[in-house]
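J.: Quick one: the structure is below, questions incoming.
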Amino acid sequence: MNREIDEGLLPAAQIAIGLNKEICFFKSFGDAKPQSLFCIFSATKAITSAAAWLLIQEEKLSEHDLVTDYIPEFGSNGKNAITVGQLFTHTAGFPHAPFRPIEWKSKEETLARFAQWRIFWEPGSRFEYHPSSSMYVIAEIIERISQQSFASFVKKRLLDPLKLKNTYVGLPSEERTRALPIKYCGSALTEQDYKEMGLPVPPMTEVTEEAVLGFNEPDIQSTGIPGGGIFSDASDIALFYQALLHGGLGEQSLWSMEMLDDARRIRNQHLNDPVFKKAANRGLGIIISGDSDRNYRGFGKTNSAKAFGHNGAGGQLCWADPETGLSFSYLTSGHDRNAVRQGRRGVSISSLAAQCKAGD
């Protein structure tokens with residue numbers, strides 16, 4: 001990481017390693033300072049999912065429920081048979097669903113979008129990553145059950161009990177100076193480059209350069225987007241994953257081990273990622289290492305098959321491994337346009353971190 005910062009490939013990064021409910025290593029690189037905050041993008045999905053697990057544990061929500069049981073307005077355009085579990089596992093059938101981040105601040109605009117969306121294929125029949133759409137629906141379900149805003153629920157029921165004081169679902173104006181500006185680095189690979197490497201060209205999605213840079217704008221930073229808008233630091237995220245290993249932190253217990261074991265159970269074992277042609281390995285809103293191909297999602301080659309987590313745009317890495325007890329977070333404000341280099345960087349960093357076992 002120091003080398004890549006020195007060579008100008010990245011402007012800033014931060015890492016943390018957790019073990020035994022504590023942070024045992026934390027370091028900032030480049031422009032990052034210990035107090036810096038990063039947008040963790042899709043790594044947010046693990047936090048949103050873990051918040052919903054609290055309601056599942058309390059038997060107020062089930063993955064087998066229909067979404068329309070909670071949001072009747074959602075059922076138009078063939079979406080009436082979608083289950084809550086399909087939202088978590090990216091099998092709901094509406095991966096390409098338009099939604100401007102700022103619309104999440106308006107209940108009227110949010111519900112209008114839900115009604116507008118249509119399915120592209122039969123729910124449950126295939127896997128295709130839903131970059132943001134399904135998590136908006138999960139967050140709305142949380143709001144309807146809890147009778148409070150999604151941001152408030154996450155703060156009161158998850159962040160405050162775990163004492164994660166540097167994690168924000170909606171960045172407050174007084175904390176904006178701590179958030180490092182997102183920058184794009186390097187040059188993108190061409191179709192010919194991918195062809196020569198024998199790799200598929202990444203599909204066009206809503207995660208465009210323009211959309212990512214929008215997270216430098218105060219209006220979007222303050223929105224608290226449930227599929228990719230949380231701001232945090234590496235220490236808090238590594239502690240959060242320690243809580244997912246132990247059910248909580250300190251004396252505070254949030255999730256039973258039965259709940260966590262079930263959340264980590266791979267659903268839809270027969271479904272593959274359509275881009276990489278490899279097992280999707282999805283639990284309830286999280287990715288499970290699962291097999292020898294686990295590194296294609298950013299898990300290290302030295303993780304166990306039980307490792308779980310969620311990465312994010314720009315190369316954010318967040319995971320825990322039940323076999324070693326380690327948790328790890330790597331956050332960066334530098335988004336490498338070279339997707340292959342970014343992927344190799346993540347696998348290399350995760351592989352090194354996964355070897356930091358107690359006693360080694």
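J.: Hey, what do the phi angles of segment 104-111 turn into as Karplus ³J(HN,Hα) couplings, whole Hz, using 6.51/-1.76/1.60 and θ = phi - 60°, x for Gly and Pro?
T.: 5, 6, 10, 4, 4, 5, 4, 5
J.: Next question, about the same structure. Once amide H atoms are built 1.01 Å from N in the peptide plane, which residues 5 or more positions from residue 314, or in another chain, come under 5 Å H to H?
T.: Distant-sequence amide H within range of residue 314: zero hits.
J.: Could you line up 155, 278 from fewest to most neighbouring Cβ atoms inside 10 Å?
T.: 278, 155
J.: A further question on this structure: Through the Karplus equation 6.51 cos²θ - 1.76 cosθ + 1.60, θ set to phi - 60°, convert the phi angles of segment 74-80 into ³J(HN,Hα) values in whole Hz; use x for Gly and Pro.
T.: Result, rounded to whole Hz: 6, x, 6, 6, x, 8, 5.
J.: Sticking with this structure for a sec: Once fully extended, how much extra length lies between residue 149 and residue 253, figured as 0.36 nm per residue of separation less the alpha-carbon to alpha-carbon distance?
T.: Taking residue 149 through residue 253 to full extension adds about 35.2 nm, to one decimal.
J.: So what are the ³J(HN,Hα) numbers for segment 147-155, from phi and the Karplus equation (6.51, -1.76, 1.60; θ = phi - 60°), rounded to whole Hz, Gly and Pro as x?
T.: 6, 8, 5, 4, 4, 5, 4, 4, 5
J.: Moving on. What shape does segment 2-354 have by the C-alpha gyration tensor, where a ≥ b ≥ c are the square roots of the eigenvalues, rounded means a/c under 1.5, and otherwise prolate means a/b greater than b/c and oblate the rest?
T.: Taking the square roots of the gyration eigenvalues as a ≥ b ≥ c, segment 2-354 is rounded.
J.: If you count the DSSP beta bridges with both ends in the chain, what percent of them are antiparallel, to the nearest 5?
T.: 90 percent
J.: Quick check: the distance between the Cα centres of segment 80-123 and segment 227-244, to the nearest angstrom?
T.: 25 Å
J.: On to the next question. State, to one decimal in nm, how far the label point of residue 306 lies from the label point of residue 292, with both points 7 Å from Cα in the Cβ direction.
T.: Placing both labels 7 Å beyond Cα along the Cβ direction yields 2.2 nm.
J.: Report, by chain and number, residues whose modeled amide H sits under 5 Å from the one on residue 18, excluding near sequence neighbours (fewer than 5 apart, same chain).
T.: 24, 327, 328
J.: Just list whichever of 155/301; 27/301; 165/357; 79/163 have alpha carbons separated by over 30 Å in the model shown.
T.: Among 155/301; 27/301; 165/357; 79/163, the Cα-Cα distance tops 30 Å for 155/301; 79/163.
J.: So, in nm, how far is label residue 112 from label residue 177 when the simple model puts each one 7 Å beyond its Cα toward the Cβ?
T.: 3.8 nm
J.: Cα centroid distance between segment 6-69 and segment 246-268, in Å?
T.: Their Cα centres are 15 Å away from one another.
J.: A follow-up question, please. Sorting 245, 331, 352 on the 10 Å Cβ count, fewest up front, what's the list?
T.: 352, 245, 331
No value in this document is a laboratory result; all are computed from the given coordinates. As the structure is a prediction and not an experimental result, all values here were calculated from the model. Don't worry about glycine lacking a Cβ; one is built from the backbone with ideal geometry, like all the others, and counts go over all protein chains shown.
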